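Asks: Mind having a look at this structure? Questions to follow.
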Amino acid sequence: MEETSIDEDPPDPLIHPLTRQKRDGSILKRDRKIDTQIVGALVLEPAVLCERALNTSNVTPGYLQEEALVYLIREFHRVGSNDIVDCLTKVLIERCKIIIRGWLGSLDKAEFEDAYRDVISQLIVSILDLESTRGDYLQVRFWYALKRRTIDLYNHYTKAINFDKAVLSLSELPGEDSREDVGESPDTFPSTSVMVDTSRQIERTIIGSDGLNAIADPNHRDAFILYHKYGLQIESNDPKMPTLSKHFGKTPRTIRNWLAETEENLNKWRERENHG
Amino acid sequence: MANKGRGIKLDDVLDAFVAEVDLPLATSLTEWIQKYPQYTKELTEFAVAWSLMEFIPTYGSTDSDDETLTQNDIVFISDLLKKTRNEYSSVESERNPITSLMIEGRIVGFSIDEFADKVELSAALARKLDRHLIQYITIPLRVIESFAHVLKREVVSIARYLSLPPNFVSSASYKADQPPSMLPQENFFDAVRDDLELTEERRARWLAFEHKEK
């Protein structure tokens, strides 16, 4: 997929070009269609512009795509037209709200609202930062740029939760038994005698079910999803290959224990659900 | 054939990864790691987060599906716009307390690792400070000043934040039969000595403050 549309025409002289470089060293360019929307919007009276921005039908003439809205917010911020900036920003956030909240929906309730607000904060700060190129890609591939930021923050929040859990587990009372990484000690959890099915014949109804939310340890749940759904291997002879063992910092044996335990717990959950 | 792209920024790689990959399967991740081996760790973490974000069922804890901005949304956005425009005075900015150093770092554009590097700490140490797991009285003033400089915040705001007690680990406490726990705090210099990610140069530099503080 190209980072920009193929555009042989020179950029419109009425609007500021982008300055961020692509991976190949060339300069990022907006789609010609976006430039046309921008030029058309710049000649409008503020009240008319705000009214037009409220149009959510992308087949209606005069519709302003998100990439165009980003440019317009930046431009009016540059000249100090705060009322228009406020109006257009709220329109843009309203278009994003449901999608962002959907992306973050698997976070705990405690973190969800904070994460949502942080995505919004980062988006707005990037747009209004006229000194850097942070706002450039938002004018080219808005939704991909937004998704990337959301994934970053999602990663931050899940790492913070797991970090707290790691600290908490270290502070537990001496003698607390841990099933993880105790050298060559045998598996003690009964279900780990069940071999993890390497052909991944896991019943599809389990994957994606609410049963996953019933798994107490998010590391176990995450390992299960990554293994069965996304094909991440437990271990590999190739040092460059990403693996579950490397990602979680645990031995392959521990990962296999996690997977077996999770599978058994999910099977029990399913039996309970089926029997009411 | 592989474009090692050593000069390319991480943000550019991740932007392209999201745009060019439908789902972050292990095969696509491996291809991208081969293209950008210098970002193996970051790409893996990002792909894992993406996978989980796509796939873990939602808790259904979001509010209604109404996309209209709530009054809280509007107030939040308005306040943020004012703050970003520097319309707040320095006194008013003190009324917007810091809720997380990491989040502040993200807002000014740094990843966790970049942020930690800017303040000359490791990511793990930065997180400990963020979660109030370091005894405030053991934190060198230089640390507080670094955070203030990088985040463009007042030193007193950073100090106030760092002096807060440790958080309850509400969402981390998955053992339902136990009450939420207060996390333990450690001495800053002990944390520096024990940190596995810190370079020796930075470790020595921070430990030099231990003798000055005494």
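The values are calculated or read from the model by the stated rules, or taken from the named source; none is laboratory data. These figures come from a predicted structure and were not determined experimentally. Note: ideal-geometry Cβ built from the backbone for every residue, glycine included; neighbour counts use all protein chains shown. Note: areas computed on protein heavy atoms with side chains; ligands, DNA, RNA excluded. Shrake-Rupley method; radii C 1.70, N 1.55, O 1.52, S 1.80 Å.
Asks: If a residue has to be of a type in the set (S, T, N, Q), out of contact with any Pro (no Cβ under 9 Å at 6 or more places or on another chain) and open to solvent by 10 Å² or more (accessible area, probe 1.4 Å) to count, how many in the range A:217-276 make the cut? Talk me through it step by step, then tell me what you get.
Replies: Here is the first cut: in the range A:217-276, the ones of a type in the set (S, T, N, Q) are A:219, A:233, A:236-237, A:243, A:245, A:251, A:254, A:257, A:262, A:265, A:267, A:274.
Going one step further and asking which of them are out of contact with any Pro (no Cβ under 9 Å at 6 or more places or on another chain), we end up with A:219, A:237, A:251, A:254, A:257, A:262, A:265, A:267, A:274.
Now restrict to residues that are open to solvent by 10 Å² or more (accessible area, probe 1.4 Å): A:219, A:237, A:251, A:257, A:265, A:267, A:274.
Count: 7.
Asks: Report whether or not A:SER57 is modelled with pLDDT of 85 or more, polar (S, T, N, Q), on the phi < 0 side of the Ramachandran plot and out of contact with any helix residue (DSSP H, G or I) (no Cβ under 8 Å at 6 or more places or on another chain).
Replies: On the way: modelled with pLDDT of 85 or more: no; polar (S, T, N, Q): yes; on the phi < 0 side of the Ramachandran plot: yes; out of contact with any helix residue (DSSP H, G or I) (no Cβ under 8 Å at 6 or more places or on another chain): yes.
No: the conditions fail for A:SER57.
Asks: Return the residues of the range B:201-210 that are touching a residue at least 12 places away in the same chain (Cβ under 8 Å) and open to solvent by less than 60 Å² (accessible area, probe 1.4 Å); say none if nothing qualifies. Steps first, please.
Replies: Pass one, the range B:201-210, residues touching a residue at least 12 places away in the same chain (Cβ under 8 Å): B:202, B:205-207, B:209-210.
B:ARG202, B:TRP206, B:LEU207, B:PHE209, B:GLU210, listed by residue number.
Asks: Can you tell me how many residues within the range B:112-156 are within 17 Å of the chain's Cα centre (by Cα) and in a helix (DSSP H, G or I)?
Replies: Taking the range B:112-156 as the starting set, the residues that turn out to be within 17 Å of the chain's Cα centre (by Cα) are B:112-134, B:143-144, B:146-153.
Applying the additional criterion that residues be in a helix (DSSP H, G or I) yields B:112-118, B:123-130, B:143-144, B:146-151.
So the answer is 23.
Asks: Here's something else I'd like to know. Of everything in the range B:41-54, what is closer than 23 Å to A:ASP238 by Cα and at the interface with chain A (Cβ under 7 Å from one of its Cβ atoms)? Give them in sequence order.
Replies: At the first step, the residues of the range B:41-54 found to be closer than 23 Å to A:ASP238 by Cα are B:41-49, B:51.
Residues satisfying the conditions are B:THR44, B:GLU45, B:PHE46, B:VAL48, B:ALA49, B:SER51.
Asks: Further question on the same structure: Among residues belonging to the range A:141-160 that are surrounded by 19 or more Cβ atoms within 10 Å (Cβ to Cβ) and at pLDDT below 90, point out the one that is nearest to the other protein chains (Cβ to nearest Cβ).
Replies: A:ASN155
Asks: Give the residues of the range B:7-26 that are more than 7 Å from chain A (Cβ to nearest Cβ), without any contact (Cβ under 8 Å) to a residue 24 or more places away in the chain and within 30 Å of A:ILE215 (Cα to Cα), sorted by residue number.
Replies: B:VAL21, B:ASP22 - these are the residues of the range B:7-26 that are more than 7 Å from chain A (Cβ to nearest Cβ), without any contact (Cβ under 8 Å) to a residue 24 or more places away in the chain and within 30 Å of A:ILE215 (Cα to Cα).
Asks: Among B:VAL75, B:VAL91, which is assigned to a helix (DSSP H, G or I), at pLDDT below 80 and more than 10 Å from every other protein chain (Cβ to nearest Cβ)?
Replies: Result: B:VAL91 is the single residue among B:VAL75, B:VAL91 that is assigned to a helix (DSSP H, G or I), at pLDDT below 80 and more than 10 Å from every other protein chain (Cβ to nearest Cβ).
Asks: Also, I was wondering about something else. Quick one: is A:ILE38 touching a Ser or Thr at 6+ places or on another chain (Cβ under 8 Å) and either of a type in the set (Asp, Glu) or surrounded by 22 or more Cβ atoms within 10 Å (Cβ to Cβ) (or both)?
Replies: no
Asks: Then there's this: If I go through the range A:69-106 residue by residue, how many of them are in a loop (DSSP other than H, G, I, E, B) and more than 8 Å from chain B (Cβ to nearest Cβ)?
Replies: 3
Asks: Give the residues of the range A:121-138 that are in contact with a helix residue (DSSP H, G or I) (Cβ under 6 Å, 6 or more places away or on another chain), closer than 17 Å to A:LYS90 by Cα and not small (Gly, Ala, Ser), sorted by residue number.
Replies: A:GLN122, A:ILE124, A:VAL125, A:ILE127, A:LEU128, A:LEU138
Asks: Can you confirm whether A:ILE206 is modelled with pLDDT of 65 or more, touching a Lys or Arg at 6+ places or on another chain (Cβ under 8 Å) and more than 9 Å from chain B (Cβ to nearest Cβ)?
Replies: Spelling it out, it is not the case that A:ILE206 is modelled with pLDDT of 65 or more, touching a Lys or Arg at 6+ places or on another chain (Cβ under 8 Å) and more than 9 Å from chain B (Cβ to nearest Cβ).
Asks: Consider only pairs whose beta carbons are under 8 Å apart and that are at least six residues apart or on different chains; among these, list those whose first residue lies in the range B:41-52 and is touching a residue at least 12 places away in the same chain (Cβ under 8 Å) and whose second residue is of a type in the set (Lys, Arg).
Replies: So the pair list comes out as B:THR44/A:LYS246; B:SER51/A:LYS229.
Asks: Just one of (1) modelled with pLDDT under 85; (2) surrounded by 15 or more Cβ atoms within 10 Å (Cβ to Cβ) trips up B:LEU198, so point out which.
Replies: (1)
Asks: Just name the residue that is surrounded by the most Cβ atoms within 10 Å (Cβ to Cβ) out of those in the range A:107-125 that are among the charged types (D, E, K, R) and facing chain B (nearest Cβ under 7 Å).
Replies: Looking at the filtered set, the residue picked out is A:ASP118.
Asks: How many of the residues in the range B:27-37 are more than 7 Å from chain A (Cβ to nearest Cβ), part of a helix (DSSP H, G or I) and under 18 Å from A:ASP152 (Cβ atoms)?
Replies: Total meeting the criteria: 1.
Asks: Still on this structure, please answer the following. Which of the residues that make up the range A:223-242 are hydroxyl-bearing (Ser, Thr, Tyr) and at the interface with another protein chain (Cβ under 9 Å from one of its Cβ atoms)?
Replies: A:TYR230
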